[in-house]
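The values are calculated or read from the model by the stated rules, or taken from the named source; none is laboratory data. Fair warning: this is a prediction, and the values are worked out from it, not measured in the lab. Cβ sites come from the backbone with ideal geometry, for glycine too, and all protein chains shown count toward neighbours. With ligands, DNA and RNA removed, areas are computed over all heavy atoms of the protein, side chains included. Shrake-Rupley method; radii C 1.70, N 1.55, O 1.52, S 1.80 Å.
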Amino acid sequence: QVQLVESGGGLVQPGGSLRLSCAASGIGFSLYTMKWYRQAPGKQREFIASIIGSRITNYVDSVRGRFTISRDNAKNTVYLQMNNLKAEDTAVYYCNAYRSSFDYWGQGTQVTVSS
């Protein structure tokens with residue numbers, strides 16, 4: 001059974017930082033492209049970052065330079081370090097594992113940026 005479990009969300013003040021984690025089980029983790037998405041209230045889910053292998057990363061423009069995606073294949077875990085958070089980063093953040101026709105999602109973790 002495939003499971004993706006996100007953690008690390010919470011309430012943070014503008015300018016603050018959070019580190020999200022997504023622990024995967026039931027898949028050959030190192031073979032998968034890992035991605036982070038987010039969905040703000042009333043908006044569609046949007047892609048924010050991906051990592052292929054250990055080093056090939058991609059980011060949406062709105063987070064580039066503030067967010068960093070990384071992975072630890074030994075721990076089957078992908079991370080999202082979020083710095084200089086803004087109110088518009090408030091959303092539910094989802095982890096995604098993708099490979100060919102396989103596409104798995106976690107349940108999401110809430111991130112709220114507010115003073």
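Annotations for the structure displayed:
- Residues located in the stretch 60-115, provided they are open to solvent by 50 Å² or more (accessible area, probe 1.4 Å), in a strand (DSSP E or B) and more than 30 Å from GLN1 (Cα to Cα): ARG64
- When every residue of the stretch 30-37 is checked against the conditions, at least one turns out to be modelled with pLDDT of 95 or more and in a loop (DSSP other than H, G, I, E, B).
- Neighbours by Cβ (under 6 Å, 6+ apart or cross-chain): first from the stretch 24-44, charged (D, E, K, R) and open to solvent by 20 Å² or more (accessible area, probe 1.4 Å); second assigned to a strand (DSSP E or B) and modelled with pLDDT of 95 or more: LYS35/SER50; LYS35/ASN96
- Only one of the numbered conditions (1) open to solvent by less than 60 Å² (accessible area, probe 1.4 Å); (2) more than 24 Å from ALA87 (Cα to Cα); (3) without any contact (Cβ under 8 Å) to a residue 12 or more places away in the chain is violated by ILE51, and that is (3).
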